Ligand code: AMP
Ligand code: MG
């Protein structure tokens, strides 16, 4: 993987998330206009931005992230009129979605406009476009006066950053400037919808829910569950882009192994307690990601030294999404040996939460059945 980038010193500059200071935005925009990279907050996660119409800027993005060139970038615009600059055609269905959900956490796959370098789209004849709603992202794209390619500001395969500190931990020395606008409100990446397929379908669930999308386009197809990774795929640098890029099972992973429990709530709790105590007895450090409804049942694990984090209730998928990546990074930073994680219902933003957790588990999923004595382990 290309890692031949020159070390730079990284400056973190605070910015008002609601009324971004003009001088800060202008400084960042000047870097973008010069083909340099800037990390900035969006409503989903922090993005690693560069000029979307300049191949050299895209090359820098891939190098800074350590991302293979087969994984395309999302192009960010500040106004709907800019769509014509980056897409060769805008079908009626796309217009309806844009009207309903932009600015916001929705990415549309459209035919690639000629000005967008093939490097940005990983060789595909389609381009991913989004109009973010975050005031800092909006102001920055407007000031740069060009579309901005921006993947999440993390090293390839790591958990996406929801704070400037997360981005700094991954990209220190690899980008000149990080704008710190505080934690990002949505907390998971955008929903990606393919409008080049016969029937529009979700390629990646995210910050715009399937239910909301179906109110505008009832025919929209639900996302496919993640595929297992193919050997050598992540190492592949050039050549054919993947058919559904970015959809490999191992993605969004914490550096610590994560075991995901699925099944009836009470059975999950029982299985997590048993598994936690087993690891603790071996002298391992255990982190548990749970819901507030689980805290009481998990008391014995906590008393035996497990780190229990329950950022929200099962009834609040939006709060779970907002806290998910920060909680995974927190457990990782606490140097646990394993993270045991409950599952969340795939309703609203819960669908994106389920997707990210399945990817983070990389196939280590324990399906608990209340009637069975032992849990069935699927690896
Ligand atoms: P991120 O790194 O979070 O910005 O994710 C970008 C993701 O957008 C990729 O991994 C793909 O899943 C998706 N994507 C971008 N461009 C395309 C495209 N042309 N066709 C299909 N999916 C795309
Ligand atoms: Mg990403």
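Read-outs: derived from the displayed coordinates by stated rules, not from any lab. Since this is a predicted model, take the numbers as computed values, not measurements. Note that we place each Cβ from the backbone using ideal geometry, even for glycine, and neighbour counts take in every protein chain shown.
Label-to-label distance, residue 364 versus residue 302, with points set 7 angstrom from Cα along the beta-carbon direction: 2.4 nm. Can you give the angle from 0 to 90° between the axis of helix 350-361 and the longest principal axis of the chain, with both taken from C-alpha atoms, to the nearest 10? With rounding to tens, the tilt is 80 degrees.
Spin-label pair residue 221-residue 118: with each label point 7 Å from Cα along the Cα-Cβ axis, the two points sit 2.6 nm from one another. Of all beta bridges that DSSP places with both ends in the chain, some 40 percent have antiparallel geometry. Taking Cα atoms, how many degrees apart are the long axis of helix 265-281 and the longest axis of the chain, rounded to 10 and kept between 0 and 90? Orientation of helix 265-281: about 80 degrees from the principal axis.
In which sequence would 340, 31 go, from the one with the fewest C-beta neighbours within 10 Å to the one with the most?
Lowest count first: 31, 340.
Note on residue 26 and residue 264: the extension gain reaches 80.5 nm, defined as 0.36 nm multiplied by sequence separation minus the Cα-Cα distance.
Modelled label positions at residue 293 and residue 274, each set 7 Å beyond Cα in the direction of Cβ, lie 2.1 nm from each other. For an R0 of 25 angstrom, estimate the FRET efficiency from the Cβ-Cβ distance between residue 6 and residue 333 and round to the nearest 0.05. With a Förster radius of 25 Å, E is 0.35. Rounded to the nearest 10 degrees, the inclination of helix 317-333 to the longest alpha-carbon principal axis of the chain is 80 degrees.
Going by average Cβ density within 10 Å per residue, which order do the peptides 105-113, 260-268, 346-354 take, highest to lowest?
105-113, 346-354, 260-268
Once C-alpha pairs closer than 8 Å and six or more residues apart are averaged by separation and normalised to the residue number of the chain, the relative contact order reads 19 percent. For the stretch 1-120, the square roots a ≥ b ≥ c of the C-alpha gyration tensor eigenvalues yield an a/c of 1.5 or more together with a/b not exceeding b/c, which makes the shape oblate.
Shape analysis of the chain places it in the prolate category; the axes a ≥ b ≥ c from the Cα gyration tensor give an a/c of at least 1.5, with a/b above b/c. The mean sequence separation of alpha-carbon pairs under 8 Å and at least six residues apart, normalised by the residue count of the stretch 54-115, gives a relative contact order of 35 percent. GNM on the chain, alpha-carbon springs under 10 angstrom: the most fluctuating residue among 206, 363, 50 is 363.
Sorting the segments 7-14, 20-27, 83-90, 64-71 by their residues' average number of neighbouring beta-carbon atoms within 10 angstrom, most packed first, yields 64-71, 83-90, 20-27, 7-14.
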